[in-house]
Structures are given as C-alpha cells and as structure tokens.
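Have a look at the structure below, then the notes.
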Amino acid sequence: KINWSQRWKPVTVPIVEPEFTGALAVEADANGFVLFRFSPYAGMTLNTVPEQTDALESLAAVAAKGEYEPVCFGLKPVRRLGVVRVTVSDLEGPGGAIPSENVVVRVGRYMFVRHKGHQSGLYTVAEKQLRRFNRGESDRLVCDSFATRRFWLTVKVPLDATPGEYLGSVTVKAETGGARQIPFTLKV
C-alpha cells in the first residue's frame, strides 16, 4: 500500500503568491496583475514569476506579406481578477489599417499530464494547449488564482499590405482589477 501511494502521488508544485519590488510592485498594486515579456519558445509554469528586466513596455513583431507571426506576453495575478479580457486595436500604417480581426488572441491552457511524459504514474500540470477565449460563457478566462498565464497574439499580414510600420495597442482588462494598454508595433 505504501509503495502504491508513493508511486502514484502527483508532483505538482502548489501555486504561490508572488512578491514584487520596484516598478512591478507598483503595477501589481494598481492593476492586480503584472504583465511581462515572455518568449514563445520558453516553457511556462504555474509559478513563473517575472524579473524587473522582464517588465512589459511594448510589443513588436516583424513579418512579411502573407505571413503569420506570433507575439507573446505573460500575466501574473497578485489577487483574484475574475474574467480577464485581451483585445487588440486595428494596426494603423502607411497603407491604411490592418484590421484587428487579423490578430487572433489565444491563451495557454494548463492540463493535468504525466510528469515528463513518462508512464510512471506521476502527474503534473503543464501548459499544453493554446485556446481562444471569452467568446461565450463556456470559455471565459477566469484568473482567480496566482497561476501565471501566457497570451499569444498571432498576426496575419494581408498579402496587399503596404510595407512599413503599423501601430496599434493591446488592452488587458480584469473584471475585479485594473486595465493596461500596451503599444503594439508591426513592421511589414
């Protein structure tokens, strides 16, 4: 019985409340969350906490006509936020506007998975899906824990886009927290 219980226990680390200093602490107090830069190629965990150097001031992407380009950022809650919404404005540039419909917003969803993919019976929680959210009542993004979230913006540049810089913004708004607007630059 002891051997069985030890082999099958989960290995998930509990979600811990983050502590911030400096500019990140000011943002956390004002909005109830901290936004930070995070690579689409790095692994995200429930407890990923940004450093001062990761503070998010703006987002930028470079893409050719007809390309899809990902842009990522993280959100670390410091209190219950309720429903979190992320919206993107139209991107204004030399050839007019790239409509906000050309930017798909997804969030990384965590799943209960086998630890490191082994068939050992140990389970953990890992970011395994990219999903659209807040399209209806069934897929609302509720941030009521300290779990870190990664948001993916996938920009599809139209084939007829005029080369140059397109400017817009990304807005993150929490139901029981604040709102933050981030400048977004796309170079075509």
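Note on R85 and Q181: the model spin-label points, each 7 Å out from Cα along the C-beta direction, lie 1.5 nm apart. For the pair K128 and S39 in one chain, pulling the backbone fully straight at 0.36 nm per residue adds 30.5 nm over the alpha carbon distance. Remark: relative contact order (the chain) = 32 percent; criterion is Cα-Cα distance under 8 angstrom and separation of 6 or more residues. When DSSP beta bridges are limited to those with both residues in the chain, what percentage is antiparallel, rounded to the nearest 5? So the antiparallel bridges in the chain amount to around 90 percent.
As a fraction of the 1.4 Å probe accessible area of the chain, surface on carbon and sulfur atoms comes out at 52 percent. Rounded to the nearest 10 degrees, the angle from helix 22-31 to the longest Cα principal axis of the chain is 90 degrees.
Taking GluC sites (Glu not before Pro) across segment 39-118, the ones in a DSSP loop with at most 11 further Cβ atoms lying within 10 angstrom of their Cβ are E51, E57.
Distance between the 7 Å Cα→Cβ label points at L159 and Y68: 1.7 nm.
Heavy-atom accessible surface of the chain, averaged per residue, reaches 55 Å², computed with a 1.4 Å probe.
Multiplying the residue separation of E17 and T53 by 0.36 nm and subtracting their alpha-carbon distance yields 11.0 nm. Dividing the summed -39500 (n - 2.57) terms of all DSSP H runs of n ≥ 4 by the residue count of the chain sets its mean residue ellipticity at 222 nm at -2500 deg cm²/dmol. Estimated at 0.36 nm per residue, the fully extended path between D139 and F112 surpasses their Cα-Cα distance by 7.9 nm. The count of lysine pairs in segment 56-188 whose Cα atoms are under 26 Å apart, excluding pairs fewer than 8 places apart on the same chain, comes to 11. When exposed loop sites are taken as trypsin sites (Lys or Arg not before Pro) in a DSSP loop with at most 14 other Cβ atoms within 10 Å, the longest stretch of the chain clear of them is 66-131. Between F73, V157, A30, the Cα set farthest toward the positive side of the dipole of the chain (charges on each charged residue's Cβ, about the Cα centre) is that of F73. The Rg/Rh ratio for the chain, using Cα coordinates for both the radius of gyration and the Kirkwood hydrodynamic radius, is 1.04.
The values are calculated or read from the model by the stated rules, or taken from the named source; none is laboratory data. Values in this document were obtained by computation on a predicted structure and should not be read as measured data. Neighbour counts are summed over all protein chains in view; Cβ atoms, including those assigned to glycine, are modelled from backbone coordinates with ideal geometry. Surface accessibility is based on the protein's heavy atoms, side chains included, excluding ligands, DNA and RNA. Shrake-Rupley method; radii C 1.70, N 1.55, O 1.52, S 1.80 Å.
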